[in-house]
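Asker: Below you'll find the structure I mean.
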Amino acid sequence: MAANSVISVTSLDFDAIKSSMKSYISSKQEFTDYNFEGSTISMLLDLLAYNTYQNAFYTSMVGNEMFLDSAQLRESVVSRAKMLDYTTRSARGASCTGTLTVTPDDSPEYVTVEKNTEWSVTIDGVDFKFVTPEEYILSEEDNYSGEISLVEGRVITHRFTVNSNNPTRYIIPNSQVDTTSITINVQNSSEDATKTTYTLASDITEVTADSNVYFLQEVQDKQYEVYFGDDVLGKTPINGNIIIIEYRICNGTLGNNISSFTNPAAIDGYNSFTFTINSATAGGSDIETIDSIKYNAPKNYETQNRAVIAEDYKRLILRDNGDLSSVSVWGGEETIPPVFGKVFIAIKPVSGNVLSSDRKTSLKKYLNSFNVLSIDTEFVDATFLYIRPTITVRYDPDITTLTAGQVQTKILNVITNFETLYLSTFENRKFRYSQFVKAVHDADPSITSCLIDIKLEKRFNPSTSTRSTYNIAFNNELGSSEDHTHTSHAGGHFVESSSFTYENKTAFIDDDGEGKLRVYYISSTNDREYLEEDIGTVDYDTGLVTLKSFLLSDYSGSHLKIIVKPRYADIRAVRNQILLIAGAKVSLVDENTSATVAVTVEATTTGVSTNVIDTGLHPVVF
């Protein structure tokens, strides 16, 4: 039989399938006089088309679920990730550290803080339990005082009896389990209380037939299953053994940013004690999302559970820490001057802008287990490079029903969304001027043109008591694009500052166009009167502004701003810098009258409210 050339097999659309079948049948001589719109044959064609459509759809979905990139169901994504030896990240309980001091009414040799000693707090109707993840000993020598950790979560224990005739799956029936809290002990029997501790197998190359290890995998409904070895890779519990699984269920991100607790009734029988928290709780995260699994599973396979290159550190951090949103890693050889033997890490958490010292310590300890070389990790706080656009928009009121203020509001919203979508993380390291102009221009059809001037800003806290040298790194070329072959930029000021008090005058900083920084004030004749002609330098080619032996008596606001004119409108961020928009000013001009019809308004962006201030005192210029 000749191959069919009438029925289309490339379309999954119901109407197209039915039309193709109708064309095929009508081409046969025996069906020449049939009315294909008649109820009977039309119904038969509908059934055939529906059947074909459902089979095609089902086959397509099955095909999609077979691949990590196209899978939509969580179970399918998890299954594909297992093939890459990837264990999905569970929810994580927030944690904190603090100092516990007990005042016993006698003189014991030591005071024991038992594991799972419970602190509590209620916030917005939600009860949170924080427990000690291990036992702590407070000795008489230390005045019964010491640092302890608290982790959010309720402690739960399950027991399973091994029966090879009726095998049981050891599934933890809670989707909010914190898998880092799992401890497993195997008791010999109900008559023999001897227990053996099993640990999570983290490196298969070190597992032998006698290794007391367990394995972990996500199964259905976001639950996790514990399973054991086969006496080749890992020891198998035998009949009659009792599997005791203890773990915590947590509230994920809800447990972050808590700074006060209700103490337990007593510590080791003593009810006189104080607990002082070092910093608010952090590190809590929800179970890993489908998108995160798709991203991290292949990266984890490439990393192979070791940290060798800078990218390995980034992948490991993001894999196991859901409370962190963006990571930048670079080798010490990239800094100025180079610092060999170190890898620098800057992290932006999901909540807030900087990590607490406790969180940095825990992450450093975590990374040490993956280091295969003698490389020291050093955490550096993120710094922010603020883009200050001044925007003048012309619009035609005849082609819109919106008022000038409403058009202006749409532009302000575009600016805020642009910051969220294209900046604000370590991954978005470039501000594209043309992209920004287009976004503003497309804010409303009535906009006919827009003129945008770009400046850059950095914020720092100078000392008001000690002369210091400050390095303010913009990492972008400064000055005029018409003259960038040397450092002479005579005739223009490319550096300015917010106001501060200097020699009892309200003063400002500018540059002389030749690389020197000066301090001036505005005289009664509105002229610039210079108090200092040389207080530092500006390197127009590297964007490094240096204030040397600088001392002021006061400054306005919570920080001092240094504002510069970039040489090019496209702005880049490097290493620990994050781009944000601040001081974005928008004014509207009527196209027909050239009159300003909406006064200048500043956009409410993340950069406006960011309160992370640079000290400027960097031994290494990042």
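Asker: If only one of ASP105, ASP127, ASP192, ASP142 is outside the structural domain of SER259 (by TED's automatic domain parsing), among the charged types (D, E, K, R) and at negative phi, which one is it?
Answerer: That would be ASP192, the only listed residue that is outside the structural domain of SER259 (by TED's automatic domain parsing), among the charged types (D, E, K, R) and at negative phi.
Asker: Looking at this structure, is VAL121 aliphatic (A, V, I, L, M) and under 15 Å from ILE267 (Cβ atoms)?
Answerer: no
Asker: Among the residues in the range 163-181, are any assigned to a loop (DSSP other than H, G, I, E, B), touching a strand residue (DSSP E or B) at 6+ places or on another chain (Cβ under 6 Å) and either surrounded by 17 or more Cβ atoms within 10 Å (Cβ to Cβ) or on the phi > 0 side of the Ramachandran plot (or both)?
Answerer: Yes, there is a match, as at least one residue in the range 163-181 is assigned to a loop (DSSP other than H, G, I, E, B), touching a strand residue (DSSP E or B) at 6+ places or on another chain (Cβ under 6 Å) and either surrounded by 17 or more Cβ atoms within 10 Å (Cβ to Cβ) or on the phi > 0 side of the Ramachandran plot (or both).
Asker: A follow-up question, please. Tell me, which strands (runs of 3 or more DSSP E) wholly within the range 327-434 include 3 or more residues that are without any contact (Cβ under 8 Å) to a residue 12 or more places away in the chain and closer than 26 Å to ALA582 by Cβ?
Answerer: Answer list for the range 327-434: none.
Asker: Being modelled with pLDDT under 90 and assigned by TED's automatic domain parsing to the domain that holds SER145 narrows it down to one residue among ASN257, ASN263, ASN300; which is it?
Answerer: Result of the check over ASN257, ASN263, ASN300: ASN257.
Asker: Does LEU579 satisfy the condition of being in a strand (DSSP E or B) and of a type in the set (A, V, I, L, M)?
Answerer: yes
Asker: Would you confirm, using the coordinates I've provided, whether LEU560 is at pLDDT below 90 and under 38 Å from the mean Cα position of the chain (by Cα)?
Answerer: yes
Yes or no, residue by residue, for (1) without any contact (Cβ under 8 Å) to a residue 40 or more places away in the chain; (2) closer than 30 Å to ILE290 by Cα; (3) loosely packed, with under 14 Cβ neighbours inside 10 Å:
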{"residue": "SER79", "(1), (2), (3)": "yes, yes, no"}
{"residue": "THR112", "(1), (2), (3)": "no, no, no"}
{"residue": "PHE128", "(1), (2), (3)": "no, yes, no"}
{"residue": "THR132", "(1), (2), (3)": "yes, no, no"}
{"residue": "ILE156", "(1), (2), (3)": "no, yes, no"}
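Asker: What are the pairs with Cβ atoms under 8 angstrom where one residue, in the range 197-212, is of a type in the set (Asp, Glu) and the other, located anywhere, is surrounded by 12 or more Cβ atoms within 10 Å (Cβ to Cβ) and at pLDDT 85 or above? Sequence gap at least six, or different chains.
Answerer: ASP210/LYS235
Asker: Continuing with this model, one more query. Take the range 343-389 and flag every residue that is farther than 16 Å from LEU423 by Cα, of a type in the set (Val, Ile, Thr), more than 15 Å from the chain's Cα centre (by Cα) and modelled with pLDDT of 80 or more.
Answerer: Selection gives VAL343, THR361, THR377, VAL380.
Asker: If THR276 satisfies every condition in (1) in a loop (DSSP other than H, G, I, E, B); (2) out of contact with any Phe, Trp or Tyr (no Cβ under 9 Å at 6 or more places or on another chain) but one, which is the exception?
Answerer: (1)
Asker: Just to be sure, is ILE454 out of contact with any Leu (no Cβ under 9 Å at 6 or more places or on another chain), outside any loop (DSSP other than H, G, I, E, B) and at pLDDT 90 or above?
Answerer: yes
Asker: Return the only residue of THR392, THR361 being β-branched (Val, Ile, Thr) and in the same structural domain as GLY583 (by TED's automatic domain parsing).
Answerer: THR392
Asker: Identify all residues within the range 259-283 that are surrounded by fewer than 17 Cβ atoms within 10 Å (Cβ to Cβ), under 27 Å from the mean Cα position of the chain (by Cα) and β-branched (Val, Ile, Thr); write none if there are none.
Answerer: none
Asker: Can you tell me which residue in the range 570-614 is modelled with the highest pLDDT, limited to those that are surrounded by 14 or more Cβ atoms within 10 Å (Cβ to Cβ) and hydroxyl-bearing (Ser, Thr, Tyr)?
Answerer: This residue is SER587.
Asker: Next question. Mind listing whichever residues of the range 418-447 are farther than 13 Å from ALA584 by Cα, touching a helix residue (DSSP H, G or I) at 6+ places or on another chain (Cβ under 9 Å) and not hydrophobic (A, V, I, L, M, F, W, C)?
Answerer: THR420, TYR422, SER424, ASN428, LYS430, ARG432, GLN435, ASP442, ASP444, PRO445, SER446
Asker: Checking the conditions here, which among SER90, SER95 is surrounded by 14 or more Cβ atoms within 10 Å (Cβ to Cβ), among the polar types (S, T, N, Q), within 20 Å of PRO173 (Cα to Cα) and in contact (Cβ under 8 Å) with a residue 24 or more places away in the chain?
Answerer: It is SER90.
Asker: Continuing with the same structure: Any residue in the range 551-569 that is part of a loop (DSSP other than H, G, I, E, B) sitting within a Cβ distance under 7 Å of a residue that is of a type in the set (Lys, Arg)? List the pairs, counting only those 6 or more apart or interchain.
Answerer: LEU551/ARG467; HIS559/ARG459; LYS565/LYS455
Asker: For ARG394, state whether it is buried (at least 17 other Cβ atoms within 10 Å of the Cβ) and among the basic types (Lys, Arg).
Answerer: Considered against the rule, which asks whether it is buried (at least 17 other Cβ atoms within 10 Å of the Cβ) and among the basic types (Lys, Arg), ARG394 comes out as no.
Asker: Let me ask you something else. Give VAL327, VAL339, VAL380 a once-over and let me know the one that is of a type in the set (Val, Ile, Thr), out of contact with any helix residue (DSSP H, G or I) (no Cβ under 6 Å at 6 or more places or on another chain) and crowded, with 16+ Cβ neighbours inside 10 Å.
Answerer: Among VAL327, VAL339, VAL380, only VAL380 is of a type in the set (Val, Ile, Thr), out of contact with any helix residue (DSSP H, G or I) (no Cβ under 6 Å at 6 or more places or on another chain) and crowded, with 16+ Cβ neighbours inside 10 Å.
Asker: Do you know which residues across the range 496-527 are assigned to a loop (DSSP other than H, G, I, E, B) and either touching a His at 6+ places or on another chain (Cβ under 9 Å) or surrounded by 20 or more Cβ atoms within 10 Å (Cβ to Cβ) (or both)?
Answerer: Selection gives SER498, ASP512, GLY513, GLU514, GLY515.
Listed here are the residues, each with its yes/no results for (1) in a loop (DSSP other than H, G, I, E, B); (2) crowded, with 17+ Cβ neighbours inside 10 Å.
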residue	(1), (2)
ILE184	no, yes
ALA193	yes, no
THR199	no, no
SER202	yes, no
VAL232	yes, no
ILE238	yes, no
ILE287	yes, yes
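The values are calculated or read from the model by the stated rules, or taken from the named source; none is laboratory data. All figures in this text were calculated on a predicted structure; none of them were measured in a lab. Virtual Cβ from ideal backbone geometry, glycine too; neighbours counted across all protein chains shown.
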